[in-house]
Every structure is written in structure tokens, then in C-alpha cells.
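To keep things clear, I will list the structure first and then write my remarks on it.
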């Protein structure tokens, strides 16, 4: 299958439009994705590699080995809880004789990260007639661009999409979504700058229902998680969407900029206090010197990472694959 075909298949699986692939097909897709991500994730991998080089060097495992690995994982923004859990799992593997040399720790680490984060690929199942996806996040996280890319991917899969431009504080955000809607053939529900975001969100869900759309994507205003009044407004938007469709939103996805590091955990906690989050989209991972934040979010907050962004191009936003992510970050294997 071509690279474009692999992309389309991954997205179809994410949205439960296509059945999961068999093992051989899944491994083939992962090899292609691994090659792309390994190149894109050069910066975070280079940042952690010097500290991991000693840990992974051939030789006997000692107590210092685990201390060095723990320090490297914390420095990579994996978070203290996740780092301790991963080291404990690998130490147990060593005690059971399944890891006997330091050079075997790399593959063991990738497997442990995969097991802890997502043994099964995450999904965003459709079928809400329409499925309503609320996208939240702070200014500059890549939220509006992500909504546009999602609309494009869904349209490519034959889904009828309505976009709600509820970021009414920024005229540029509305204009940006208009461009994406035109590219993808999605329908845009908008009002003028300064309009009530809740009203736009309600209208978008109502329009999607009336027009028989498959998916409604709602872009909310970017806000700092510490701004109480704006977080209250986000609660209002969430509630208004529920009035338009009692089952909505079916997904509430938080877009996090990987370059913010541990501040991303603070964002996730406070956004999660404001509205129930169903998943995280980690963007700009290619620009981060510390690529482990996805591990920390998943471990400490119990929120699955569903999408990952490693560049500006459309194809640089991909469904999250924990195995490929771990192998690319820790420079393990060939993605098979």
C-alpha cells in the first residue's frame, strides 16, 4: 500500500470507519510511520540520547543503571510518576531474567511505554448523528489548524462535516477555518467577531443535525487555563452543546503544545476540571527538546493521547501509535 493509502487507512481505523488491520498489515503501516516520525522527532530524540547512551551501552545492569534511566526519563518530561513506574517495570523484567544486559533496556523501555500508554490503538468512534467533537486548548497550541486538518481528513473519508467557528475572539481564527472549510468541502457555521461562542456552538450542532452531517467540529476560543472567567465560559459552551444534543459533545479533545513541557500537565488538569476530556492531541512534538510529555499526561491524568502532530503539513497530524512514538523517541528498532 502507498504512503497515502497507509495514511487513509490509519484515519479510517481511528474513526472506526474501517475494521482494525491484521497483524501483518499493522506492522507494515508502523514501519512507514516509524520512518516519518523518526525523521520528524530528531530534536527530542537528540535531547534524550546522550543521557540514554550510557544506560543502553552493553554491559551488566547495576543499581546505578536504574537511577540513570530514571533521571533521563524525568529530564525528557516523562514525569516523575511515569518514570518511576517504567523503571519499576523494567527492573522487574530484569529480576525475572528477561533483561540481562544494559543493551536490552532500550527495547524493553519502548515496550513498557507502549504497554502503559496504549496497548490498543486509540479511537474517536463516529455515529452520534452527528458526532460532536469539541476542541479546546490555549492560544498558540495549534487548535484551529488541528480542527481544519481533522475536517479535511474526515471529508476525505466521505464524512459530511460541519465546522463551528466558536473562537469568536479572533477574526483570524474564523477566516482560517473558512479556508479549511473551502479546501475540504465542509460547511462552516460562523458569526461575526465578538459574537457569543455558545450561540455559535449551538447553531453548529443544530445545523449539523438538520443537514444530516456525520460530524460537527467545534473550535473554541483559546484561553489560558488560569483565566477563571474564560474557563467558566468554556463550561458554558460545553453545556450549550449538550442542550443542542443531549449526548454531545461525544468527544472533548484538548490540544497541547509539546514545547510547553510540564506546563502542559497543568493545562490538562485545569481544562479537565472545567470540562470532561476524552483525549489529548499533542502538537509541535518535532519542535520540543523534551518529547516525553505524552507519557506524563497519559500516566498522571489517565487521558489517552489520540493524535500527534510533528510538523505543519496535513500529513504531519497522525493518529497516535504508542509503539511508533516510543521507538522513535528512544531510537529503538525499525518500527516493526
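The alpha carbon centroids of the stretch 46-65 and the stretch 157-185 are separated by 47 Å. Using C-alpha pairs below 8 Å separated by at least 6 residues, the relative contact order for the chain is 26 percent.
Over the stretch 25-163, Cα pairs under 8 Å with separation of 6+ residues give a relative contact order of 18 percent.
Note on residue 263 and residue 170: the extension gain reaches 31.1 nm, defined as 0.36 nm multiplied by sequence separation minus the Cα-Cα distance. Among 64, 203, 167, the largest mean-square fluctuation in a Gaussian network model of the chain (Cα springs under 10 Å) belongs to 64. Taking every DSSP helix (H) stretch of at least 4 residues in the chain, weighting each as -39,500 (n - 2.57) and dividing the sum by the residue count yields a mean residue ellipticity at 222 nm of -17000 deg cm²/dmol. Convex hull volume of the C-alpha atoms in the stretch 49-162, normalised per residue: 162 Å³.
Annotation: the antiparallel percentage among DSSP beta bridges lying fully within the chain is about 10. Springs join every pair of Cα atoms under 10 Å in this Gaussian network model of the chain, and among 320, 37, 169 the largest mean-square fluctuation is at 169. Going by neighbour counts of Cβ atoms within 10 Å, the residues 8, 299 line up, fewest first, as 8, 299.
Mean-square fluctuations from a GNM of the chain, with a 10 angstrom spring cutoff on Cα atoms, peak among 293, 124, 99 at 99.
In terms of other Cβ atoms within 10 Å, 10, 269, 211, 153 run from fewest to most in the order 211, 269, 10, 153.
Ranked by the mean number of other Cβ atoms within 10 Å per residue, highest first, peptides 308-318, 75-85 order as 75-85, 308-318. What FRET efficiency do you get for residue 301 and residue 51 if R0 is 22 Å and r is their Cβ-Cβ distance, rounded to the nearest 0.05? Step by step, r from the Cβ atoms, then E = 0.30.
Report Rg/Rh for the stretch 136-178, rounded to two decimals, where Rg is the Cα radius of gyration and Rh the Kirkwood radius. Taking Rg over the Kirkwood Rh, I get 0.98. Cβ crowding within 10 Å ranks 74, 48 as 74, 48, fewest other Cβ atoms first. The length gained on full extension between residue 156 and residue 196, counted as 0.36 nm times the residue separation minus their Cα-Cα distance, comes to 11.3 nm. Reported to the nearest whole Å, the Cα centre-to-centre distance from the stretch 94-140 to the stretch 1-45 is 14.
Extension gain for the segment residue 89 to residue 71, taken as residue separation times 0.36 nm less the Cα-Cα distance, is 4.9 nm to one decimal. Take every Cα pair under 8 Å whose residues are at least 6 apart in sequence, average their separation, divide by the length of the stretch 117-178, and the relative contact order is 25 percent.
Computed from the coordinates by the stated procedures, all read-outs in this text should not be read as laboratory data. In this text, all values refer to a predicted model and were calculated from it rather than measured experimentally. For neighbour counting, all protein chains shown are included, and Cβ atoms are generated from backbone atoms with ideal geometry for every residue, glycine included.
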